[in-house]
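K.L.:
There's a structure below that I have some questions on.
The values are calculated or read from the model by the stated rules, or taken from the named source; none is laboratory data. Predicted model only: the values in this text are computed from it and were never measured. Glycine gets a Cβ as well: all are built from the backbone with ideal geometry, and neighbour counts include every protein chain shown. Only protein heavy atoms, including side chains, enter the accessible area calculation; ligands, DNA and RNA are left aside. Shrake-Rupley method; radii C 1.70, N 1.55, O 1.52, S 1.80 Å.
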Amino acid sequence: MKHGYDMNRNRRGRQKSWKREKQRIWFVQGMMVLSLAAVVFRVYDVQQVYGRSLKKAADKVIDVTKPLLAPRGAILDAQGNEIAYDVPAYYVDIQLQHVRPYAAQAAAILAPILGTSESSLVALLSRDDRPSEWIQLPTPVEATVKEKLAAAFNAHAWAPDAKKIAWYNDITFTPTEQRVYPYDEFAANAIGYVSKGTGQSGVELEYNKLLAGKNGVMSYQQDPTGVPLPGSIHITQAAKPGDNVQLTIDDTIQGYVEHEMDSLMAKYQPAHAAIIVSDPQTGAILAISSRPTFNPNQYWKASLDALSQNWAVSSAFEPGSTFKPFVLAAALQTNSIGLYQTFTSGQITIDNQTIHDWNYTGWGTLTFQQALEESSNVGFSKIALALGWPNMNKYLNLFGFTQPTGIDLPNEATSLLFPKSEQGQLELATAGFGQGIAVTPLQQIAAMDAIANGGKLMRPYIMQKITTPSGKVVEQTKPTVVRDGFLSQQVIDEVRQSMVLDVSDPKHGIDSGAAIPGYEVAGKTGTAQIVDPTTGQYYSNRFETSFIGFAPANDPKVVVYVTVYWPKTAPDEAWGSTVAIPPARAILQECLNYYHIPPTGSISVAQDTQGAGQVQYVETPNIVGMTSAQAKQTLANDGLTGMFVGTSGTVTRQWPEAGIQVAKGSKLYGLLQNAAGTTVAMPNLTGLSLRDATNLLAALGLNIHPSGSGYVVSQSVAAGTTVHIGSGVDVTLKP
């Protein structure tokens, strides 16, 4: 019984246990069903609800392909030093959402890295007017700055507690190239600047195609706001670097020029100024500087005038008296005047208009050589009138004043000359002393190169050669002679001599400030009034002052031109001699030292001891009344020789007159007659040079009308024929 009782109890226990197990199993199964339902619901939710928005966001991520800027070729000076070059750089984009609340703290850390002010960076990081929430820094940064910025965002010291923010995702870097100008304003107007990979002015613009190279290709993904996604940037095609451009600019001479220009600007605050130094033998520009100028590393801070105007290249203005040497050369070459012919200075009236000399009273009787020394406007009015418009126009063209020089720089200006419809006598006279016409600094320096180098008009140039990145020369500039042979050596010598006397003659030379002890300097200043564009009348207190010259005069190494537009000084101090000469003289002196050209002695007029290679000047003695033997001895005592016409008697006329400065070794011409009269015998001119024939006839009071060049082969009046003083003779010359 007991045994049966126990079995029943066990059976009931097992039944209860199975019941509990069955309930547990049902519970687990129910939970599994619920979990599965939740998963199914989540899958449905993701697919149907979030899936659409995720797909929409994914669709907005754009694959972008853009040009990868090629490294620009370098610009080098004549010595091969880089004065403009490219370095790898990066555009920087910053996400503002997270950094905006910490703008001040972040700016304090980032501003020193970027080299900008905290206040400007705070303003940038605080902006809330951009729906994209991203901003790009104004200028690219170099690689070293990029690394510092990346490290700063990784450290996020401005928000040490905001550890959940992935700050490194809030800054992106897009590769580009950054142009660097290591010497800032050094020759900036000539070198130019680059914006967005393209040259905008100067050499950068002129040679942009060669400098630019060939861009590569880069790809990346950008978000809906246009910002590159971090880590998505890839270079798919490498860029080809541009060629290098080496200039003729000598860094040492350019340094002299920049120093003098800075001093000039500080002292006079002119509206504009320009200085050019050239090699007269080749036309190469050794230095060129303009003001106002700019720093091409920060060109966006410059004035529009500084960026758009290269005063040395793109401007034309009245040259004033620096134009006179060219008019003198034209008149001498055409035999329109004689260098020692005299005139009365002071004033001249043409077409009811009176032209005064700069001192109003003049200097009495002067030779035309002294007209250059004294800078007589009356004298050059008379020279121009004797020259005439046909010859004036001819030599304006021959000297290169009727067209741009062709220099390899952009935006070169050209001259403004009187049109034929306005070529009256008054206009001719004023053009003779550089008024009423406008020419460029480059035209003047090219024309002066021709006088300095012996008569070759050279094309100015600034590019010396172009090389590939590997150093292979692909292009080289050869000096270009535009024209030659339009000036005789005689005329060149006479103009040079007159310019030297302008600097060294204590009696008549007004530009003695340009004198350099031990060297012969040929020079000429100019002081021109400035026209008021609103009234067309000249300002009474605004002047354009200038100086042009070269040294050493007997073998010129450099030509220097300085122009200063409206120096702020008293009108009675605004002269080329006071404003433009000091910087020009300093540059000439520095260049002579730089080229190791030794001094050759003290320079003075009629000095007994002269250095080797210099031209010595003496005053012509009075030989009228002497016999030929006496005259020859007197001339020999002064280092001169004589050429006489006539067989007996004493000297009744001489050329040049007594008291004229001439180079030692020059000829003096005399007429031997028993008595002075109104007629003379025509001499035999055959075999004489144009110079000798001209001066000999001048001594006789006769006029020459030459054709051809070289030596006289025929004359229209036979030798021995008696002619009246003042008569003319046609002569033909051949080489």
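K.L.:
Can you confirm whether the stretch 266-277 contains a residue that is touching a Lys or Arg at 6+ places or on another chain (Cβ under 6 Å), within 30 Å of Leu588 (Cβ to Cβ) and either of a type outside the set (Gly, Ala, Ser) or open to solvent by 10 Å² or more (accessible area, probe 1.4 Å) (or both)?
P.N.:
Looking through the stretch 266-277, at least one residue is touching a Lys or Arg at 6+ places or on another chain (Cβ under 6 Å), within 30 Å of Leu588 (Cβ to Cβ) and either of a type outside the set (Gly, Ala, Ser) or open to solvent by 10 Å² or more (accessible area, probe 1.4 Å) (or both).
K.L.:
Continuing with this model, one more query. Restricting attention to strands (runs of 3 or more DSSP E) lying wholly within the stretch 444-552, give those where 3 or more residues are small (Gly, Ala, Ser).
P.N.:
Of the strands (runs of 3 or more DSSP E) lying wholly inside the stretch 444-552, those with at least 3 residues that are small (Gly, Ala, Ser) span 522-531, 538-551.
K.L.:
While we're looking at this one, here's another question. With a cut-off of at least 3 residues that are farther than 20 Å from His508 by Cβ, name the strands (runs of 3 or more DSSP E) lying wholly within the stretch 625-672.
P.N.:
In the stretch 625-672, the matching strands (runs of 3 or more DSSP E) lie at 641-645, 650-655.
K.L.:
Scan the stretch 189-211 and report the pairs whose first residue is of a type in the set (Phe, Trp, Tyr) and whose second residue is open to solvent by 10 Å² or more (accessible area, probe 1.4 Å), with Cβ atoms within less than 7 Å and a gap of 6+ or a chain change.
P.N.:
Tyr193/Gln200; Tyr193/Ser201; Tyr193/Tyr299
K.L.:
Restricting to the stretch 70-95, name every residue that is open to solvent by less than 10 Å² (accessible area, probe 1.4 Å) and part of a strand (DSSP E or B).
P.N.:
Across the stretch 70-95, the qualifying residues are Ile75, Ile83, Ala84, Ala89, Val92, Ile94.
K.L.:
Take the residues of the stretch 196-205 that are open to solvent by 30 Å² or more (accessible area, probe 1.4 Å) and among the polar types (S, T, N, Q): which is nearest to Ile285 (Cα to Cα)?
P.N.:
Gln200
K.L.:
I'd like the full set of residues that are open to solvent by less than 20 Å² (accessible area, probe 1.4 Å) and either touching a helix residue (DSSP H, G or I) at 6+ places or on another chain (Cβ under 9 Å) or among the basic types (Lys, Arg) (or both), limited to the stretch 575-602.
P.N.:
Gly576, Val579, Ala580, Ile581, Pro583, Ala584, Ile587, Leu588, Cys591
K.L.:
Which ones in the stretch 104-128 are among the charged types (D, E, K, R) and more than 39 Å from the chain's Cα centre (by Cα)?
P.N.:
Scanning the stretch 104-128 gives Arg127, Asp128.
K.L.:
If you don't mind, there's one more thing I want to ask. Spot the failing condition for Leu307; the list is (1) in contact with a helix residue (DSSP H, G or I) (Cβ under 9 Å, 6 or more places away or on another chain); (2) assigned to a strand (DSSP E or B); (3) open to solvent by 30 Å² or more (accessible area, probe 1.4 Å); (4) among the aliphatic types (A, V, I, L, M), and only one is missed.
P.N.:
All conditions pass for Leu307, except number (2).
K.L.:
Restricting attention to the stretch 421-443, and to residues there that are part of a helix (DSSP H, G or I) and open to solvent by 10 Å² or more (accessible area, probe 1.4 Å), which single residue is nearest to Gly379 (Cα to Cα)? Break it down stepwise before answering.
P.N.:
First, the residues of the stretch 421-443 that are part of a helix (DSSP H, G or I): 421-422, 425-432, 441-443.
Filter once more, so that each one left must be open to solvent by 10 Å² or more (accessible area, probe 1.4 Å): 421-422, 425-427, 430.
Numbers: Ser421: 25, Glu422: 22, Gln425: 15, Leu426: 14, Glu427: 15, Thr430: 11 Å.
That would be Thr430.
K.L.:
What are the pairs, 6+ residues apart or on separate chains, where a residue within the stretch 104-116 that is open to solvent by less than 10 Å² (accessible area, probe 1.4 Å) has its Cβ under 7 Å from a residue that is of a type in the set (D, E, K, R)?
P.N.:
Going by the 7 Å Cβ cut-off, the qualifying pairs are Ala107/Glu118; Ala111/Glu118.
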